[in-house]
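First the structure, in the form of structure tokens, and then the observations on it.
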Amino acid sequence: MSHNTTEVLVGGAVLAAAIAFAVYTGQMTGLSQARDGYELRASFRSLEGVTVGTDVRLAGVKIGTVTGVELNPETYRADTRFTVQNGIQIPDDSAVVVSSEGLLGGNFVEIMPGGSPFYYAPGEEIADTQGAVSLVTLLLKFVSGSGGSGNGGGGE
């Protein structure tokens, strides 16, 4: 009988550890947070490095999460949906930029606030966007020397 009790106790401990790990993972990734925010939309030419779950930041502080990314077959742009925490109002002349955490860091969506006294309503689309800048493309331009040095063949 003690052999059976030991197995039950060990199984219970393993199950408790698995549940604790799942809860911890959910909290760290933001999956367990209630969707207590409102949704905004934006359309980007390039959304490189941004997927569902990517942070949305304002002044370096996470204020939301990317909730959807789709390719628009008519415009060939990445239509993006993201949430912003309730209580944070975004001026309607703000810009949305895909930013990088550094050379080796990941990308995130950054909101550059404007100065308008009017704010975006839930579900509206932010028109002023700037897509991701590819580090590889920049390096290739630098190495090949075609960075717009002023000798661009526009003379007579």
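The values are calculated or read from the model by the stated rules, or taken from the named source; none is laboratory data. All values derive from a computational prediction rather than experimental measurement. Ideal geometry is used to build each Cβ from the backbone, glycine not excepted, and the neighbour counts take in all protein chains shown.
State whether the residues of segment 124-147 include one that is on the phi > 0 side of the Ramachandran plot, over 16 Å from the mean Cα position of the chain (by Cα) and not hydroxyl-bearing (Ser, Thr, Tyr). Checked segment 124-147: at least one residue is on the phi > 0 side of the Ramachandran plot, over 16 Å from the mean Cα position of the chain (by Cα) and not hydroxyl-bearing (Ser, Thr, Tyr). Taking segment 88-108 as the range and being under 14 Å from Gly37 (Cβ atoms) and buried (at least 18 other Cβ atoms within 10 Å of the Cβ) as the test, only Ile90 passes. Of all residues in segment 70-109, those satisfying the criterion of being under 12 Å from Leu40 (Cα atoms), among the β-branched types (Val, Ile, Thr) and not in a loop (DSSP other than H, G, I, E, B) are Thr80, Thr83, Val84, Val96.
Here's the yes/no breakdown for (1) assigned to a strand (DSSP E or B); (2) at pLDDT below 75; (3) exposed (fewer than 10 other Cβ atoms within 10 Å of the Cβ):
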{"residue": "Ile111", "(1), (2), (3)": "yes, no, no"}
{"residue": "Ser116", "(1), (2), (3)": "no, no, no"}
{"residue": "Val133", "(1), (2), (3)": "no, yes, no"}
{"residue": "Gly153", "(1), (2), (3)": "no, yes, yes"}
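With the requirement that a residue be part of a loop (DSSP other than H, G, I, E, B), hydrophobic (A, V, I, L, M, F, W, C) and either more than 26 Å from Asn72 (Cβ to Cβ) or modelled with pLDDT under 85 (or both), what does segment 1-58 give you?
Result: Met1, Leu31, Ala34.
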